[in-house]
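Report on the structure given below.
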Amino acid sequence: MRAEILAGRLPARARLPSTRAVAAELGVSRTTVVAAFDQLLAEGYLEGRAGSGTYVAPSLPDDMLGVRGVARSKVRASGGRRALSRRGEVMAATPTSVARDRGVPRAFRPGVPATQEFPFGAWRRLVGRVWRRPSVGLLGYGEPAGYGPLRREISAHLGPARAVRCGPEQVIVVSGSQQALDLCARVLLDPGDAVWVEEPGYRGARAALLGAGATLVPVPVDAEGLDVGVGIGRDPDARLACVTPSHQYPLGVTMSLARRLELLRWAGRSSAWILEDDYDSEYRYSGRPLEALQGLDTEGRVIYVGTFSKVLFPSLRLGYLIVPPDLVDAFTAARELSDRQPPGMEQAVLAHFMAEGHFARHVRRTRSLYAERQALLVEEAAKHLSGLLDVPPAGAGMHLVGRLPAGKDDREASRRAAGRGVEAPAISLYGKPSDGRGGLMLGYAAVDEAGIRQGVRRLAQALE
């Protein structure tokens, strides 16, 4: 107990279990435990409170604080990173996000939906319905690939909405897109395998690939998306290409049909895989949502990743993979090894939410809302950011990319914006744009009208 207190694992004011409980847990005489407690009380490590129990002392004597500091430094020196595997070293050193904090989002944090617009009433009623009479199956171990009714709803939604061709048996429910990326990397890649990644591109995908031991091959992104010709020139035998074709992250461009077909032809010739991350494709503001790359695939080379985090709310932690039929068993087994199964009750509620039309209605409402917020952001930027940041509109997504004048440091601009209370990640944090110009990501989905106006003015002050 003394060692635990000195190491900080028993923090100040922590309530200890009773001597009877400790004796039973350790399998020793209660007299032994009482003697130990008495000794620690006498030495000032513990304090007793009448009628309440025994607690770790709120402060330790000065000489004990010195001992504690020595003990911690020894732990760091003797353990630390040497205990990690090479893969563990890479994973520990690889960030997945550029967010400065994870609290309440401010203007203009990208990738966050308008959670205040969520239909809480409908969700609450469905939660009550599911919990009133939960089936034995929902409360026990479920299918590793996911709850059957939810898989059917996802399959039924993706056909008309995204032109994804799949049956429910091809749907693997996961804990968000990050787990989907991690599963793909571990199932499809061996250490050292080459993978095309977009430059600039999503850091979460890079982290998952590096964690699997892959060798990343950066491929530039231009106005038509990933430059397939450059990728072939750099490594024609790559095992996998990781792309965001519908709305490239972070630049926001859409991969042209010619590039999509070229990418599919390369994958067929090389027996390579394509990982299509369709993270915010529900939000397209001109015409119908573009068909997914998976819908053009005739050889079963595309693995499709989707998430509910951007449409509903991030803490739901539900996403999905659409895998070719011959990979279903392998991905299901890997999913089971990862964390056994997705949470059953949340899946059941979401299945009802989709089946009763709430999901489609919510998408329509937020699509209209986000279009209005984007238009306001563009309008305010034209008024207050002229000559400082060029913010053109976009036909899809939940963020815009503002470009700085040539030669300006976007990381410095981002730091100065943060000093004014504005979150605007630098594009260069995701890789080097092909034109070399720096820029800032401006998420607008979670920011109301007043927040957009105030955020633009603060950003202008920072950039000036």
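The values are calculated or read from the model by the stated rules, or taken from the named source; none is laboratory data. Remember, predicted model here, so these are calculated numbers, not experimental data. Heads up, the Cβs are rebuilt from the backbone with ideal geometry, glycines too, and the neighbour counts pull from every protein chain shown.
Worth pointing out:
- Among the residues making up the range 212-238, those that are small (G, A, S) and within 23 Å of G252 (Cβ to Cβ) are A223, G225, G229, G231.
- Test for E276: is it closer than 19 Å to L400 by Cα, modelled with pLDDT of 95 or more and in contact with a strand residue (DSSP E or B) (Cβ under 9 Å, 6 or more places away or on another chain): no
- The requirement of being over 30 Å from S428 (Cα atoms), at pLDDT 80 or above, in contact with a Phe, Trp or Tyr (Cβ under 9 Å, 6 or more places away or on another chain) and surrounded by fewer than 13 Cβ atoms within 10 Å (Cβ to Cβ) is fulfilled somewhere in the range 49-59, by at least one residue.
- Remark: T332 matches the filter, which requires a residue to be out of contact with any Ser or Thr (no Cβ under 6 Å at 6 or more places or on another chain) and under 21 Å from P149 (Cβ atoms).
- The range 446-464: number of residues that are under 16 Å from A381 (Cβ atoms) and assigned to a loop (DSSP other than H, G, I, E, B): 2
- The range 148-168 residues that are touching a residue at least 24 places away in the same chain (Cβ under 8 Å), paired with ones that are among the polar types (S, T, N, Q) and in a loop (DSSP other than H, G, I, E, B) (beta carbon under 7 Å, 6 or more apart): R162/S281
- Pair list, Cβ under 6 Å, 6 or more apart: the range 117-142 residue outside any helix (DSSP H, G or I), other residue surrounded by 12 or more Cβ atoms within 10 Å (Cβ to Cβ) and small (G, A, S): G142/G344
- Note on the range 228-260: among residues that are surrounded by 17 or more Cβ atoms within 10 Å (Cβ to Cβ) and in contact with a Ser or Thr (Cβ under 8 Å, 6 or more places away or on another chain), the one that is farthest from P425 (Cα to Cα) is A238.
- Here is the figure for the range 408-430: residues that are small (G, A, S) and exposed (fewer than 15 other Cβ atoms within 10 Å of the Cβ) total 2.
- Checked against (1) surrounded by 15 or more Cβ atoms within 10 Å (Cβ to Cβ); (2) under 23 Å from G140 (Cβ atoms), A333 meets all criteria but (1).
- Checking each residue in the range 1-12 for being surrounded by 11 or more Cβ atoms within 10 Å (Cβ to Cβ), more than 17 Å from V33 (Cβ to Cβ) and at pLDDT 85 or above picks out only A12.
- Inter-residue pairs, beta-carbon under 7 Å, first touching a residue at least 12 places away in the same chain (Cβ under 8 Å) and in the range 31-45, second of a type outside the set (D, E, K, R) and surrounded by fewer than 16 Cβ atoms within 10 Å (Cβ to Cβ), 6+ apart: L41/G48; G44/P61
- Residue within the range 145-158 that is β-branched (V, I, T), under 20 Å from D277 (Cα atoms), modelled with pLDDT of 95 or more and in the same structural domain as V328 (by TED's automatic domain parsing) present: yes
- Options A205, A145: the member that is in contact (Cβ under 8 Å) with a residue 60 or more places away in the chain and in a loop (DSSP other than H, G, I, E, B): A145
- Residues located in the range 321-342, provided they are among the acidic types (D, E) and more than 13 Å from C166 (Cα to Cα): D329, E336, D339
- Residue match in the range 428-441 (condition: of a type in the set (K, R), in contact with an Asp or Glu (Cβ under 8 Å, 6 or more places away or on another chain) and either closer than 21 Å to S246 by Cβ or part of a strand (DSSP E or B) (or both)): no
- Restricted to the range 167-179, and to residues there that are crowded, with 22+ Cβ neighbours inside 10 Å and at pLDDT 95 or above, the residue that is farthest from the chain's Cα centre (by Cα) is Q170.
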